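**Q** The structure under discussion is supplied below as structure tokens; questions concerning it will follow.
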Amino acid sequence: MGKKQLSLKKLIFVYWIVLIVIVMVLLLSYSSIIIRNSRNAILENAHTIADNYGFQLDKDITSMMDAVSSMYVDNIHYLRLSNYELDDFEWVGSAYYLQNSLKGKADAIDYMAGMFFYDQKRDSMRSLYSSYPSTATKLELDKHLKVILTEGADVQKDFRFMVCSGEYYLVYFMRSRDKYLGFAINLSRYFPKENNMQISCIYQQNQVAKISEINILEKDEILNIKTKGVSGIDREQRIISVVQLKTLDMMLVLARDSKDSLSVWKQPDLLLILILIPTLSFFFLLILLRNLNRAILYPVGYIIQRVHEMAQKDEKEYPLQPVRNVQIKEYIEINRCIDEVLEQINTIQEEKYQEKLRANNIQLQYYQLQLNPHFFLNCLNTIKSLLENHSADAADDMIISLSSYFRYIFQDRKNLVTVAEEIKEVKAYCNIYILKGGFPILLQTDVKDEVMDCRIPILCIQTFVENSVKHINKRGTILTIKIQAGIVEDESGNRRLSLRVSDNGYGYPQEMLEELNQPVTDFQYRSYHVGIDNLKYRISLIYGEDANWYFYNSPYGGAITEITLPEELDEHTDY
């Protein structure tokens, strides 16, 4: 008799029902115990923290009181200041030595507190703090101390609370006539700051001070806690701990938001259960999936992946995964056919890409050669003029410069040259016009050494120098052309090459500026600014949207052109 056959869906459903029953039984029976024990541990820990805070504050207050009492009784300088009428010189000397005694105690304190001496008659305060505040803050503290010491009842010693710059201070003093000796503890900085805990204190007939910046309990709620003396977890899931100090009439109230603390994900034991149970479930599911994956899921998934690769035409987006334990003949044949199709697609894409590169290079060379007649005619006219004027030596220099220019313009470097080569060519170009005997040219260069080996499109600078020379109409003046090049960083921190060419001519016409600053989509031959349009189109072919140009006029006269390109070092550069 054969085994009973089950459908895939029905088999998965049966396993899941069994798993759900196991999970629910374990989770409901154990989670309640974990949560109850966790709540008790959290509450006990909160009470322990509150008791430690209260004990430490009591201890530090007692220590500071003992130090003040010792100085009040035994310090000879304080006794002189408080019991004798001293002249100014004697008073300053005694106050100085007393201040040193206060400093010794303040330096030994490991929390934000200070010692002070105040002579009310002279209105003079001497105060030293363990953590030195700024001068303005110290003056503000001294000002508040004077007020808090002299207000209220005329007592020999007392505790008082003070608020300065939004921070609470506990002040204790001992008084002899109009001389005060005491300490101040910064309660706002005394306790460690925790993100989810509020520390408050109740003092002097139900006065409430919220020491920490966290706001969990309101003032009325804090006073209600004092009245009822309630500690524990309230209805809003807040942990409340109350501590009464022994040294003075002050109560510490610590409140902590326990919603996160009581969260399931914050309980290690409960979290272990929640991880263990899904792990067991996963183990049982593996038994079911093992055979299904071998027979159906792995092969079908692999075929779907390959079909996606064919649709995307980008094999990199779908890395191939080996098909495990597939021995089905039909699946193997399908995968083999898909592999062949993908290989053919990749071959065709590579051929198209290479063909596109070749077409771009041919187009770049064509547009580069378009510039040559535009400049060559000017050079030939110059040589003709020199020969007519019987300036053979100058004509000879012109021919040498022109041949050097030919060698430069026709070199095979895929349309890119170094900045140093371009600057050298620009200087030779300007020399041609100087040899012609026309107007003088003052060429200024401010090119950083670090950009000399950067690669730029050929004639990237010379085009604008030629434009300045061509359109200068200020006879009797020196044409000044300034070339600047350096490295700048864009908003993303990428290094970019910045080129700037400026002159002292009339500048660009306004209607031309609007055209020049437009993005390039294709090259259109026009009878004006051919060289600039040619260069812009070549730059767009090489760099695409990664290059920028800006054309504008200087407020003081003259045209300015700025070009930013990606930094690209010459392949022979050593750095």
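A short reminder: the numbers here are calculations on the coordinates, not readings from a lab. Keep in mind the model is a prediction, meaning the values are calculated, not measured. Cβ coordinates were reconstructed from backbone atoms using ideal geometry, including for glycine residues, and neighbour counts include every protein chain displayed.
**Q** Please order K179, K219 by the number of other Cβ within 10 Å, starting at the fewest. Kindly include the intermediate steps, with their values, before the conclusion.
**A** Numbers: K179 19, K219 14.
Fewest-to-most Cβ neighbours within 10 Å comes out as K219, K179.
**Q** Can you compute the FRET efficiency between I399 and K427 using 1/(1 + (r/R0)^6), with r the Cβ-Cβ distance and R0 = 25 Å? Round to the nearest 0.05. Could you put the intermediate results ahead of the total?
**A** Details: r = 17 Å, r/R0 = 0.69.
It comes to 0.90.
**Q** Now, a different point. Once the Cβ-Cβ distance between Y543 and I17 is put in as r, and R0 is 51 Å, what FRET efficiency do you end up with, to the nearest 0.05? List each step's numbers first, then the result.
**A** Details: r = 63 Å, r/R0 = 1.24.
Result of the calculation: an efficiency of 0.20.
**Q** For T564, what is the net charge nearby, where nearby means another residue's Cβ is under 14 Å from its Cβ and Lys, Arg count +1, Asp, Glu -1?
**A** Numbers: positive: R495, R496, R500, K536; negative: E489, D490, E491, E545, D546, E562, E567, E568.
In short, -4.
**Q** Same structure again: From the phi of every residue in segment 65-70, what ³J(HN,Hα) in whole Hz does the Karplus formula 6.51 cos²θ - 1.76 cosθ + 1.60 yield, where θ is phi - 60° and glycine or proline is x?
**A** 5, 4, 5, 5, 4, 5
**Q** Using the structure shown, list the pairs from K121/K143; K103/K146; K59/K219; K105/K210 with a Cα-Cα distance above 23 Å, or answer none. Walk me through the numbers on the way to the answer.
**A** Values: K121/K143 15 Å; K103/K146 19 Å; K59/K219 27 Å; K105/K210 28 Å.
Among K121/K143; K103/K146; K59/K219; K105/K210, the Cα-Cα distance tops 23 Å for K59/K219; K105/K210.
**Q** Using the basic label-point model (7 angstrom from Cα toward the beta carbon), what is the K143 to S176 distance in nanometres?
**A** According to this spin-label approximation, the distance is 3.1 nm.
**Q** Using the alpha carbon gyration tensor of segment 135-226, what are the three equivalent-ellipsoid semi-axes (square root of 5 times each eigenvalue), largest first, in whole Å? If you can, show how the numbers build up before the last one.
**A** Values: eigenvalues 143, 56, 20 Å².
For segment 135-226, the ellipsoid semi-axes come out as 27, 17, 10 Å.
**Q** If you average the alpha carbon positions of segment 462-505 and of segment 35-94, how far apart do those two centres end up, in angstrom?
**A** Using only Cα atoms, the two centres lie 73 Å from each other.
**Q** Enumerate the calculated ³J(HN,Hα) couplings along segment 561-566 in order (Karplus 6.51 cos²θ - 1.76 cosθ + 1.60, θ = phi - 60°), each rounded to whole Hz, writing x wherever the residue is Gly or Pro.
**A** With the stated coefficients, segment 561-566 comes to 10, 10, 10, 10, 10, x Hz.
**Q** Can you give me the distance in nm between label points at M452 and D110, each placed 7 Å from the Cα along the Cα-to-Cβ direction?
**A** Computed distance between label sites M452 and D110 equals 6.1 nm.
**Q** So, one more: I'd like the FRET efficiency for K103 and K193, computed as 1/(1 + (r/R0)^6) with the beta carbon distance as r and R0 of 30 Å, rounded to 0.05. It would help to have the intermediate numbers written out before the result.
**A** Details: r = 28 Å, r/R0 = 0.92.
Using R0 = 30 Å, I get an efficiency of 0.60.
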